[in-house]
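Nothing in this text is a laboratory measurement; each read-out follows from the coordinates by a stated rule. Quick caveat, the model's predicted, so the values are computed rather than measured.
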Amino acid sequence: MIGKMTAFRKRILLMLSVWLYLCCPTVLAACGDSDGATEPGDNRKVEEIKQRGTLLVGTTGDYRPLSFCEPDGTYWGFGIEIAQEIAKSLGVETVFVKTSWPTLTNNVLAEPQTFDLAIGGITITDARRETMLMSEGYLANGKTILCRATDISRFQSLEDLDKPEVRVMVNPGGLNEKFANENLTHATIIVHQQNEEIPSLVAEGQADVMITEITEAPYYVQTDNRLAAPLLNKPFTHGEIGVLMRKGQEDLMLMVNNTIRRMKSDGSLRRLHEKYGLVYAY
């Protein structure tokens with residue numbers, strides 16, 4: 001009798017499973033994933049990258065010391081080394097793809113994809129997280145200024161910048177331009193296409209101030225004695241820099257976050273901060 005009941009129950013369960021599959025596929029999918037449903041295509045990106053043998057990394061190459069492209073096409077910087085560590089974790093080579101601040105979001109969301117992920121001075125924001133994926137932070141960041149060394153006493157606050165006679169230069173399409181437009185409504189805003197050229201233009205007197213980050217400013221102060229960063233220890237904003245990619249690549253995001261966590265725990269992230277003269281905040 002027990003054997004007959006067991007066989008009967010098996011038939012009932014089989015029929016119920018077939019009915020769920022044919023009539024309620026969404027219910028079946030939800031039951032099969034205790035962590036919640038995932039987007040179609042999840043968990044395929046890592047395999048695609050491994051089969052290709054390369055990690056395609058979008059970067060602006062204009063943001064010393066995080067991402068810079070030399071005239072011969074060689075990339076170097078803090079973010080570049082993070083990307084190389086991610087590729088190493090995946091067991092593939094790194095290929096860098098040039099992007100720009102104005103086109104960054106469109107490049108990330110492009111179909112077919114322009115690159116697998118973007119790196120190099122990209123601040124983690126709620127706006128970006130609404131439409132894209134952003135990793136855990138690997139570098140503390142905040143808005144500050146570069147000015148001529150002779151103007152240190154002139155620029156000691158945001159109010160000192162927000163005057164019609166102050167020429168503030170920014171690169172287009174990024175958060176520097178957004179910050180200037182929102183907070184310096186009385187200053188004269190000058191948009192210059194090449195971010196890496198702005199420090200020299202300030203030093204030469206073609207602008208008074210550059211809106212930049214606490215990660216970028218020290219490099220230019222150290223390499224050009226005409227420049228100063230008087231508000232370096234009092235940034236206007238506080239945030240973190242992370243890796244940016246499109247949604248639907250949660251498996252790649254997991255790999256990226258695991259790499260960042262490993263670098264924090266084994267001391268390699270701290271050593272990278274020290275190499276580039278950046279403040280370690282983890």
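Just want to confirm a number: the relative contact order over segment 154-243, from Cα pairs under 8 angstrom separated by 6+ residues, in percent. All intermediate terms of the calculation are to be shown ahead of the outcome.
Details: 107 pairs, mean separation 25.5, N = 90.
Reported as a whole number, the value is 28 percent.
Below 8 Å, C-alpha to C-alpha, sequence gap of six or more: please give me the relative contact order for segment 132-207 in percent. Before the final figure, lay out the partial values.
Working: 71 pairs, mean separation 23.5, N = 76.
About 31 percent, as a whole number.
Leaving out same-chain residues fewer than 8 places away, which lysines sit with a Cα under 30 Å from that of Lys247?
Lys45, Lys50, Lys88, Lys98, Lys143, Lys178, Lys264
Could you tell me how far the Cα centroid of segment 230-282 sits from the Cα centroid of segment 106-148, in Å?
Between the Cα centres of segment 106-148 and segment 230-282 lies a distance of 12 Å.
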